[in-house]
Amino acid sequence: METYGKILLIAMPAFLLLVLGETLYGAWKGKQTVRNLDMISSLSSGITNVTKDVLGLSIAIISYGWLVDKLALVHVQNSILTYIIAFIALDFAGYWVHRLDHEYNFFWNAHIIHHSSEDFNLACALRQSISVVFRIFTIFLLPAALLGVPPMVIAVVAPLHLFAQFWYHTQHINRMGFLEKIIVTPSHHRVHHAINPEYLDKNYGQIFIFWDKWFGTYQEELADKPPVYGITRPVQTWNPIKINFMHLWLMIKDAWHTKNWNDKFRIWIMPTGWRPADVAEKFPVHKINDVYHMQKYDTKASPSLHVWSWVQITMALLFISYLFGNIAPINTLNASYIYVYGLFVFLSVYAYTELMDRNKYAIVWEIIKNSLGIAIILQTGDWFGATALSPFIKYGVGAYFLLSTIVTLWFVMKHAKEDERVMAVA
Ligand SMILES: [Zn+2]
Ligand SMILES: [Zn+2]
């Protein structure tokens, strides 16, 4: 996790620059594909995902190392060939995991976040899951294990394979000639993110497109069917943490409410979106039927809220950068500190995205987050060892906690007044 933290310190600014670059390019071309609050929501989802990964908060039920130990038939010696095999094997596994994520109710919860944006741009790529605790899909790496690809090689290739899925989340690149036949291109992936009936559950490939052609899930982008992005049951929030558990929560409620005992069990393994008949009737869920007339989720936001949301996400990025660069020293202070830090990051994201949603409880979350922050400073007289860098950091961080509480309170009161006025007019 320390190495991954270091990799992210380089990768995060690079991704951020590309995301902002795409926004500027869109403005210059007169074809803007980015909405500010949606972009902040996407980046915030990325923050929660990398924090969770760096903290190592998921457990593989079968480890890849165990698979290789037990099952390797040969050991490919040539190192370049090993890396190529690892890449293709990861892509094969990626296709199937992705397909299961889409096709079954239980697994969809792990992937809903990636499709939750109703825009399609580079930032959307950063919407990645935090809801997986047990990883059961290592089994799809069986081909790599049989060929004896060492776990170290998988560990090196896996982040590269993941990062290589970033670039094609864009509407600014059209068809790419012969490459369309080999790799997943922006055009292929636009189809994947679209909810037009023709495009649903197509193009699961991650790097190579031939898996979709071989396994019957390929669909070309059609000139007369412009993709409409999102999910058919819109999430209607900017809060990535809520989105991550939304589908699971619906299934838990449905399993609880249904009178049919059989349905209580089979809901988990049914195709994505399936609900017991009695609860579907009693507690209907908003669903988009006509994709060409759908209204994208948006919240009324003043220029000051846009600016403030940027201040908040910048602070969150600075906080996680400090964490990722200092995992070992923080760990030597106290082994539980990194988890407290993780909790603080999650509370931060939760609080400011609730404010973006104009939810009045944003102030409650903000107070919880800032109280935790101030308690840490008062308890330890430090911000996770940052005093070693400069004695002023803890005062700066403390001042930010106070400011953040006051500004959020100001916004919540302002929103309440505005909403009152709207009610009065209506
Ligand atoms: Zn997907
Ligand atoms: Zn995608």
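The values are calculated or read from the model by the stated rules, or taken from the named source; none is laboratory data. Worth saying up front: this structure is predicted, and the values here are computed from it rather than measured. Positions of Cβ are backbone-derived with ideal geometry, glycine not excepted, and every protein chain shown enters the neighbour counts. Only protein heavy atoms, including side chains, enter the accessible area calculation; ligands, DNA and RNA are left aside. Shrake-Rupley method; radii C 1.70, N 1.55, O 1.52, S 1.80 Å.
Pairs linking a residue in the stretch 336-356 that is among the hydroxyl-bearing types (Ser, Thr, Tyr) to a residue that is open to solvent by 10 Å² or more (accessible area, probe 1.4 Å) and assigned to a helix (DSSP H, G or I), with Cβ atoms under 6 Å and 6 or more positions apart or on different chains, are Tyr350/Ile241; Tyr350/Trp365. Within this structure, Gln206 fails the test of being surrounded by fewer than 19 Cβ atoms within 10 Å (Cβ to Cβ), within 14 Å of ligand 1 (Cβ to nearest atom) and not in a helix (DSSP H, G or I).
Considering Glu180, Glu198, the condition of being surrounded by fewer than 19 Cβ atoms within 10 Å (Cβ to Cβ), assigned by the TED database to the domain that holds Asn121, among the charged types (D, E, K, R) and under 30 Å from Met246 (Cβ atoms) is satisfied by Glu198 alone.
Among residues of the stretch 173-224 being of a type in the set (Lys, Arg) and within 14 Å of ligand 2 (Cβ to nearest atom), the one that is nearest to the chain's Cα centre (by Cα) is Arg190. Looking only at residues in the stretch 306-345 that are open to solvent by less than 20 Å² (accessible area, probe 1.4 Å) and β-branched (Val, Ile, Thr), the one that is nearest to Asn359 (Cα to Cα) is Ile313.
Scanning the stretch 95-117 for residues that are in contact with a helix residue (DSSP H, G or I) (Cβ under 7 Å, 6 or more places away or on another chain) and either open to solvent by less than 20 Å² (accessible area, probe 1.4 Å) or in a helix (DSSP H, G or I) (or both) yields a total of 16. Just wondering, is there one or more residues in the stretch 148-160 that are within 16 Å of ligand 2 (Cβ to nearest atom) and surrounded by fewer than 21 Cβ atoms within 10 Å (Cβ to Cβ)? No - not one qualifying residue is present in the stretch 148-160.
Within the stretch 105-145, being more than 13 Å from ligand 1 (Cβ to nearest atom) and among the aromatic types (Phe, Trp, Tyr) holds for Phe106, Phe134, Phe137, Phe140. As a summary of the residue check, Gly56 satisfies the conditions (1) assigned to a loop (DSSP other than H, G, I, E, B); (2) surrounded by 12 or more Cβ atoms within 10 Å (Cβ to Cβ) except for the one numbered (2).
Pairs linking a residue in the stretch 96-117 that is at negative phi and among the basic types (Lys, Arg) to a residue that is part of a helix (DSSP H, G or I) and away from ligand 2 (no atom under 14 Å from the Cβ), with Cβ atoms under 8 Å and 6 or more positions apart or on different chains, are Arg99/Phe215. Residues of the stretch 224-244 include at least one that is farther than 30 Å from Asn174 by Cβ, open to solvent by 30 Å² or more (accessible area, probe 1.4 Å) and outside any loop (DSSP other than H, G, I, E, B). Among the residues of the stretch 134-146, those that are at pLDDT 90 or above and either more than 24 Å from Lys52 (Cα to Cα) or among the hydroxyl-bearing types (Ser, Thr, Tyr) (or both) comprise Leu142, Pro143, Ala144, Ala145, Leu146. If you go through the stretch 171-197 and pick out every residue that is within 16 Å of ligand 1 (Cβ to nearest atom) and in a loop (DSSP other than H, G, I, E, B), you end up with 4. Screening Ser131 with (1) part of a loop (DSSP other than H, G, I, E, B); (2) open to solvent by less than 40 Å² (accessible area, probe 1.4 Å); (3) modelled with pLDDT of 95 or more; (4) among the polar types (S, T, N, Q) gives one miss only, at (3).
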